[in-house]
Amino acid sequence: MARTRYVWRFGELYEADKAPPLPRGPRSALPCPAIRTDGMEPLQSMADGQTYDSKSAYYRSVKDAGCEIVGDDRKSFDAGFKDYEPDPVAPDIARAIEELGGA
């Protein structure tokens with residue numbers, strides 16, 4: 001036995017197949033779609049030491065070296081971490097050195 005699905009639209013409950021469609025507006029206020037180029041400022045890869053000016057070639061070289069890209073250096077992310085205070089690691093390092101027999 002099939003169950004009837006319901007959706008909430010415009011302040012009312014409708015059977016899913018009888019609900020009015022959602023309004024569709026423009027996807028963007030810009031007159032054209034977003035274009036992402038493959039070019040970038042030359043970058044020396046930490047994975048293989050080569051210099052790349054193509055994003056796809058750089059990503060492929062990192063993957064071929066068995067590495068992965070995590071995070072980024074965009075300045076816009078700094079705003080969220082102004083008040084971030086990392087946990088002190090010195091006690092953990094000292095304990096690890098002690099456990100390993102000192103240095």
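The values are calculated or read from the model by the stated rules, or taken from the named source; none is laboratory data. Small disclaimer: the values here were computed from a predicted structure and weren't measured. Because the Cβ atoms are built from the backbone with ideal geometry, glycine has one as well, and the counts that use them run over all protein chains shown.
The table for this structure:
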| quantity | calculated |
| --- | --- |
| The range 14-34 residues that are closer than 18 Å to THR4 by Cα, paired with ones that are of a type in the set (A, V, I, L, M, F, W, C) and loosely packed, with under 10 Cβ neighbours inside 10 Å (beta carbon under 8 Å, 6 or more apart) | TYR14/TRP8; PRO20/PHE10 |
| Output for the range 9-28, where each listed residue is in a strand (DSSP E or B) and of a type in the set (A, V, I, L, M) | LEU13 |
| Residues satisfying the stated conditions in the range 5-40, i.e. charged (D, E, K, R) and more than 21 Å from GLU68 (Cβ to Cβ) | ARG5, ARG9, GLU12, GLU15, ASP17, LYS18, ARG24, ARG27 |
| Identity of the residue in the range 54-92, surrounded by 10 or more Cβ atoms within 10 Å (Cβ to Cβ) and modelled with pLDDT under 65, that ends up farthest from ASP38 (Cα to Cα) | ASP78 |
| Enumeration of residues in the range 37-70 that are outside any helix (DSSP H, G or I) and aromatic (Phe, Trp, Tyr) | TYR52 |
| Residues satisfying the stated conditions in the range 1-21, i.e. modelled with pLDDT of 85 or more and aliphatic (A, V, I, L, M) | VAL7, LEU13, ALA16, ALA19 |
